[in-house]
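Peer 1: Dropping a structure here in structure tokens format, bear with me for questions.
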Amino acid sequence: MPPKKIWTAFVGLGPGWVNKRELIAQAIHEHFHKIKPQRINMEGSQTFWDYPDVLIFPGVIFKKHDCSSEPGLIDHWPVYIQMPSALNDPVYNLRPLSASRGFFANFVKSALQGKVNLSPCWNDEESSSILGPNLRLEEEEQMLISLEHDSNDLFINNVLPQGATVFLHFKAVKFSCSENEKYLYRRDRGSKLDEKPIY
């Protein structure tokens, strides 16, 4: 029987998870030292990773994503991208439940159509109701957690409405795992490679 895409999540809410973002990131990466992510082929669709779609904690959601090691290169690096709640969000700790519901609703819609939908999960008009305030106050640049030991640079492709694809540049920061490898990356907006368009 051919593989099917299922939607999976881990929810860790409550005071024990508050202000533990760096420890959570390290534990996520260390978990995948033993359980290596695999690419799954599904007929009529693009391949996808076999690990949970989202991890939900107070004030932050970690969303499964796919990176490349160079802009425009079609290789696959398994990561979780950090989506923090806005600092000015009145429901800061619980906002990740709303974001995960938005991703889940998109998954259900695409599953009913018999495909994996890789387009944006919601339109711009829905963003503030799903992600919180329109003017998002955030404490730092977006981070991602690599599940494998990668290079110093990772890129996420972002298809723009006008047809161009830009690559968001993430650079490794000085955090090492138990195998003395870097695993945490920060968005590098000042880089000449960040948002480099490819048509």
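Peer 1: Based on the Cβ-Cβ distance of VAL159 and ASP75, what FRET efficiency does E = 1/(1 + (r/R0)^6) give at R0 = 22 Å, to the nearest 0.05?
Peer 2: Step by step, r from the Cβ atoms, then E = 0.80.
Peer 1: Can you give the net charge of the other residues whose Cβ lies under 11 Å from the Cβ of PRO71, counting K and R as +1 and D and E as -1?
Peer 2: Surrounding charge for PRO71 is -2.
Peer 1: If you don't mind, there's one more thing I want to ask. Can you put GLU125, GLU141 in order of Cβ neighbours within 10 angstrom, beginning with the fewest?
Peer 2: Details: GLU125 7, GLU141 14.
By the 10 Å Cβ count, ascending: GLU125, GLU141.
Peer 1: Largest first, please: the extent of the C-alpha atoms of the chain along each principal axis, to the nearest Å.
Peer 2: Principal-axis extents of the chain (Cα, largest first): 43, 38, 38 Å.
Peer 1: Quick check: Cα centre of region 63-102 to Cα centre of region 150-196, how many Å?
Peer 2: Spelled out, the Cα-based centre of one part sits 13 Å from the other.
Peer 1: Taking other Cβ within 10 Å of each residue's Cβ, how do SER178, SER146 sort, fewest first? Each step should come with its number before you reach the end.
Peer 2: Details: SER178 9, SER146 25.
So the ranking, lowest neighbour count to highest, is SER178, SER146.
Peer 1: Pop a pseudo-label 7 angstrom from the Cα along the beta-carbon direction at both GLU181 and GLU139 and give the gap in nm to one decimal.
Peer 2: With each label placed 7 Å out from Cα toward Cβ, I get 2.8 nm.
Peer 1: Which net charge results when you count Lys and Arg as +1 and Asp and Glu as -1 among the other residues whose beta-carbon is under 10 Å from that of GLU148?
Peer 2: Net charge in that neighbourhood comes out at -1.
Peer 1: Expressed as a rounded percentage, what relative contact order does the chain have, with Cα pairs under 8 Å and six or more residues apart?
Peer 2: 20
Peer 1: Please give every one of the aspartates and glutamates within straight-line cross-link reach of LYS196, meaning a C-alpha to C-alpha distance under 13 Å, and leave out same-chain neighbours fewer than 8 residues apart.
Peer 2: GLU70, ASP188
Read-outs throughout are calculated quantities, based only on the coordinates presented, and are distinct from any laboratory measurement. On a predicted model such as this, the values are computed, not experimentally measured, just so you know. Note: ideal-geometry Cβ built from the backbone for every residue, glycine included; neighbour counts use all protein chains shown.
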